[in-house]
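This report refers to the structure that appears directly beneath it.
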Amino acid sequence: MKLFPRIIRHAGALRPADDDTARDMRCRRLDYVNEAAFSRVWSIRFTRGQAIALGALAVAAVAALAYVVMAFTPMRRMLPGTLDADTRAMYIDATLRLDSLTRAMRINERYMADIEAIINGTVNPDSARNSHMALSEMSDTLMAASEAERAFVQKFESSQRYKLSVLAPIAAEGMAFYSPAPGAEAKAAPDERSVELRGTRSQGIDAIYRGTVIAAYIDARGLYTIVMQHPNEFISLYGGLAECFVGRGDTPYTGSRIGAAPPDGTIRFELWHKGNALNPDDYVAF
């Protein structure tokens with residue numbers, strides 16, 4: 001009599017699980033079959049929970065791999081907003097310099113084409129002059145200000161007693177200024193209106209951009225000062241030169257040699273826009 005309840009109790013444990021439990025324990029099987037031989041190559045058995053866990057693990061692995069690639073490889077530079085300020089400024093400066101190099105290459109290509117035509121005897125006598133005039137009339141990428149804009153700026157400055165020097169960065173867009181003394185050490189003045197360049201002995205001084213020499217004179221110390229007018233109403237000043245290679249009215253190109261520094265290699269450089277003194281460090285890559 002005591003054995004019978006025990007058998008009944010164990011028999012209850014052998015009852016089939018309910019439908020939900022059986023459904024949860026039901027397994028799936030993934031087979032790889034060789035159809036030519038009608039044989040199973042390999043097989044995987046898994047439950048629904050195992051499939052969900054495996055999928056979540058795969059997604060996490062892909063996300064982790066993407067994070068590692070973007071965080072610790074050069075590909076992170078392709079993401080917007082990840083560049084630091086110095087790198088971004090370097091890229092902008094390189095883009096502007098590339099634009100200037102492209103223009104210089106076009107000038108050289110036309111010049112070489114004119115020389116080749118002259119040597120072959122197939123050139124029109126006026127073609128070289130026309131080509132040079134066409135190149136000299138090439139404007140910068142920035143559209144010049146209209147008369148209405150100039151009138152508005154003048155009216156605003158006179159009424160508000162405020163100089164719109166904020167327009168200088170806009171006007172400088174598309175203009176790649178060349179260093180007047182490549183390799184020289186630049187030290188800004190306390191008022192940030194000029195830069196002292198300390199280079200090598202008697203270092204050559206170059207024009208920062210194409211333009212016209214509007215003044216070239218000797219100061220009280222016996223040193224030269226050169227003033228150049230550039231497009232978009234920019235003016236550059238080179239002071240303390242030992243030698244001057246240009247005169248008033250000359251039109252040097254970007255990077256043309258216009259003078260030489262004194263024996264100590266120190267000169268003063270200034271940049272102006274519409275009568276406002278600018279901080280040269282913000283516009284010229286010394």
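Things worth noting here:
- Test: residue in region 231-245 that is under 22 Å from residue 103 (Cβ atoms) and open to solvent by 60 Å² or more (accessible area, probe 1.4 Å): yes
- In summary, residue 202 fulfils each of the numbered conditions (1) farther than 30 Å from residue 91 by Cβ; (2) in a strand (DSSP E or B) with the single exception of condition (2).
- Pick from region 181-219, criterion open to solvent by 30 Å² or more (accessible area, probe 1.4 Å) and β-branched (Val, Ile, Thr), ranking: modelled with the lowest pLDDT: 200
- Residues being among the hydrophobic types (A, V, I, L, M, F, W, C), at pLDDT below 80, part of a helix (DSSP H, G or I) and open to solvent by 100 Å² or more (accessible area, probe 1.4 Å) - total across region 1-53: 3
- Strands (runs of 3 or more DSSP E) fully within region 236-284 counting 1 or more residues that are of a type outside the set (Ser, Thr, Tyr) and more than 20 Å from residue 224 (Cα to Cα): 266-273, 276-278
The values are calculated or read from the model by the stated rules, or taken from the named source; none is laboratory data. None of these values were measured; they are calculated from a predicted model. Heads up, the Cβs are rebuilt from the backbone with ideal geometry, glycines too, and the neighbour counts pull from every protein chain shown. Note: accessible area is taken over every heavy atom of the protein model, side chains too, but ligands, DNA and RNA are not part of it. Shrake-Rupley method; radii C 1.70, N 1.55, O 1.52, S 1.80 Å.
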